Amino acid sequence: MIDRSATTISADDVVDRLKRNLAYHTIVRKIAAQQAIDRAARERGISVDPDAIQAEAERIRLENRLEKAADTLKWLSDRTISVEDWEAGISDRLLSKALAEDLFESEVKSYFAQNKLNYDRLILYRIVVPYETLAQEIFYQIEEEEISFYEAAHLYDINEKRRYCCGFEGKVYRWSLSPDIAPALWSANVGEIIGPLQIEEQYHLFLIEEFIPAELKPEIHQAIIDKLFKEWLERELQYIFDR
């Protein structure tokens with residue numbers, strides 16, 4: 001029950017609003033997912049150390065610049081949760097991480113070996129414009145060195161964030177690229193302008209700054225565990241809701 005002056009919100013009110021906004025099923029699935037995690041953790045004898053909860057709470061406080069205890073209490077009050085609720089949520093997240101590692105740590109190397117190409121990356125720049133003629137004109141201007149790719153992205157790209165970054169997309173995994181463009185990018189050379197390629201109703205030009213061959217570094221190691229754990233959890237939920 002939430003009671004703030006003239007406003008009173010009951011648990012039934014929350015459930016009703018979730019249903020009206022078509023969000024009820026999402027919440028039910030999240031509850032079922034946590035129950036599946038709790039059950040699997042118990043079966044495997046996995047628990048969360050209270051010191052780990054306190055360390056994570058301290059990290060969150062530092063991240064949110066909550067220097068004093070009073071700052072933390074106000075931050076929690078603004079979100080209508082107690083210290084106990086907050087620490088329980090931290091415990092849930094740490095338990096999920098511990099279970100994922102217990103389930104799939106031993107599978108990471110073999111999974112990476114079988115799917116290594118998917119974890120190749122490239123440093124990618126992109127220009128997206130609405131018209132093919134404009135895309136062709138930009139391509140010719142860059143080829144003739146009348147303008148650089150980065151200047152063209154800053155001037156013409158339809159996405160504001162990409163304009164400010166002069167077309168920079170970042171380090172992109174092969175698996176994250178659509179089949180429409182991945183072959184063209186991986187067959188190109190560094191510094192070569194690729195395109196224009198039509199994707200839906202827009203026209204794209206690409207520039208590759210660097211190819212980064214896959215290595216089993218910590219971020220990829222964790223990404224594989226997260227992927228395998230997500231697939232496991234989806235199977236658990238399917239079993240729960242289909243039976």
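Quick note: the coordinates plus some simple rules give every number you see, no bench work behind them. Everything numeric here is computed off the predicted structure, so don't read it as measured data. Reconstructed Cβ throughout: ideal geometry from the backbone, glycine too, with neighbour counts over all protein chains shown.
Being surrounded by fewer than 11 Cβ atoms within 10 Å (Cβ to Cβ) and within 22 Å of the chain's Cα centre (by Cα), is that true of even one residue in region 192-212? Scanning region 192-212 turns up no residue that is surrounded by fewer than 11 Cβ atoms within 10 Å (Cβ to Cβ) and within 22 Å of the chain's Cα centre (by Cα). Output the residues belonging to region 119-150 that are within 29 Å of the chain's Cα centre (by Cα) and either free of Cβ contacts under 8 Å to residues at least 60 places away in the same chain or over 30 Å from residue 108 (Cβ atoms) (or both). Hits for region 119-150 are 125, 126, 127, 128, 129, 130, 149, 150. If the condition is being out of contact with any His (no Cβ under 9 Å at 6 or more places or on another chain) and surrounded by 18 or more Cβ atoms within 10 Å (Cβ to Cβ), then region 112-130 contributes 119, 121, 122, 124, 125. Report yes if residue 75 is more than 30 Å from residue 194 (Cα to Cα), of a type outside the set (A, V, I, L, M) and touching a residue at least 12 places away in the same chain (Cβ under 8 Å), otherwise no. For residue 75, the condition - more than 30 Å from residue 194 (Cα to Cα), of a type outside the set (A, V, I, L, M) and touching a residue at least 12 places away in the same chain (Cβ under 8 Å) - is not met. The helices (runs of 4 or more DSSP H) falling completely within region 1-108 that include 3 or more residues that are surrounded by 12 or more Cβ atoms within 10 Å (Cβ to Cβ) and in contact with a Leu (Cβ under 7 Å, 6 or more places away or on another chain) map to 24-43, 50-63, 83-104.
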